[in-house]
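Structure provided below as structure tokens; questions to follow.
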Amino acid sequence: MSAALDCPGYYAVTPAERVMLLAQFTAQTERLARVGEPCTVIGWRISSNGRKHEAGTAVFGADGELCGRAWAMWIEPRGTG
């Protein structure tokens, strides 16, 4: 669940593949997705301020029920932009 909630946040905050480091990550699991269960994973940008980028993510099960959600802070290292 953590990887499913982590990775989409990166793509939500950067239109191109840039070097970013995960600085903070807080997740809440409502239920585990079952092995083989089709899921919908979404990620969205919350805010960007200089090198800091906040993202939200969520995983929904096949029935549309929320499986988990997360908030992440991504940081662009100095000198990579």
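Using the basic label-point model (7 angstrom from Cα toward the beta carbon), what is the Arg51 to Thr29 distance in nanometres?
Each label point lies 7 Å from its Cα, and together they span 3.3 nm.
Quote the accessible area belonging to Thr26 in square angstrom, nearest 10, computed with a 1.4 Å probe and with ligands, DNA and RNA left uncounted.
Ignoring ligands and nucleic acids, Thr26 comes out at about 90 Å².
Compute the signed sum of charges (Lys and Arg +1, Asp and Glu -1) over the other residues within less than 15 Å, Cβ to Cβ, of Ile75.
On the way: positive: Arg18, Arg45, Arg51, Lys52, Arg78; negative: Asp6, Glu54, Glu76.
After counting each charged neighbour, the total is +2.
Excluding ligands, DNA and RNA, what is the solvent-accessible area per residue of the chain at a probe of 1.4 Å, expressed in Å²? Write down the numbers at each step before the final one.
Numbers: 5000 Å² over 81 residues.
Here the per-residue accessible area is 62 Å².
Also, quick follow-up: Given the options Ala27, Ala55, Ala16, which has the most mean-square fluctuation in a GNM of the chain, springs set between C-alpha atoms less than 10 angstrom apart?
It is Ala16.
For the stretch 46-81 and the stretch 16-37, what is the separation of their C-alpha centers, rounded to whole Å?
The stretch 46-81 and the stretch 16-37 have Cα centres spaced 8 Å from each other.
Considering only protein heavy atoms and a 1.4 Å probe, what is the carbon-and-sulfur percentage of the accessible area of the chain? Don't skip to the answer; put the middle values down first.
On the way: 2720 of 5000 Å².
On the chain, the fraction of accessible area on carbon and sulfur atoms equals 54 percent.
A further question follows. In a Gaussian network model over the chain where Cα atoms closer than 10 Å are linked, find which of Glu65, Glu17, Glu54 has the largest mean-square fluctuation.
Glu17
Using a Gaussian network for the chain with springs between C-alpha atoms less than 10 Å apart, which of these wobbles most: Arg34, Arg18, Arg45?
In the Gaussian network model the winner is Arg34.
Any chance you could give the angle, 0 to 90 degrees and rounded to 10, that helix 2-13 forms with the longest Cα principal axis of the chain?
Computed tilt is about 40 degrees.
Moving on to the next point. Using the Cα atoms of the chain to build a convex hull, what is its mean projected area in square nanometres? It would help to have the intermediate numbers written out before the result.
On the way: hull surface 21.2 nm².
Mean projected area for the chain: 5.3 nm², to one decimal.
Size of the dipole of the chain about the Cα centre, Lys and Arg at +1 and Asp and Glu at -1 on the beta carbon, nothing else charged, in debye to 20? Numbers along the way, then the final one.
Working: 8 positive and 8 negative charges, 70 e Å.
Taking the Cα centre of the chain as origin, the dipole is about 340 debye.
Using only DSSP helix segments of four residues or longer, with each worth -39500 (n - 2.57), what per-residue ellipticity at 222 nm results for the chain after dividing by its residue count and rounding to 500?
Details: 1 runs with 12 residues, N = 81.
About -4500 deg cm²/dmol.
Find which of Val35, Gly9, Ala23 sits farthest along the positive direction of the dipole of the chain, computed with +1 on the beta-carbon of Lys and Arg, -1 on that of Asp and Glu, about the Cα centre.
Working it through, the farthest residue towards the positive pole turns out to be Ala23.
The values are calculated or read from the model by the stated rules, or taken from the named source; none is laboratory data. No experiment lies behind these values; they were computed from the predicted model shown. Note that each Cβ is placed from the backbone with ideal geometry, even for glycine, and that neighbours are counted across all protein chains shown. Surface areas here come from the heavy atoms of the whole protein model, side chains and all, with no ligands, DNA or RNA. Shrake-Rupley method; radii C 1.70, N 1.55, O 1.52, S 1.80 Å.
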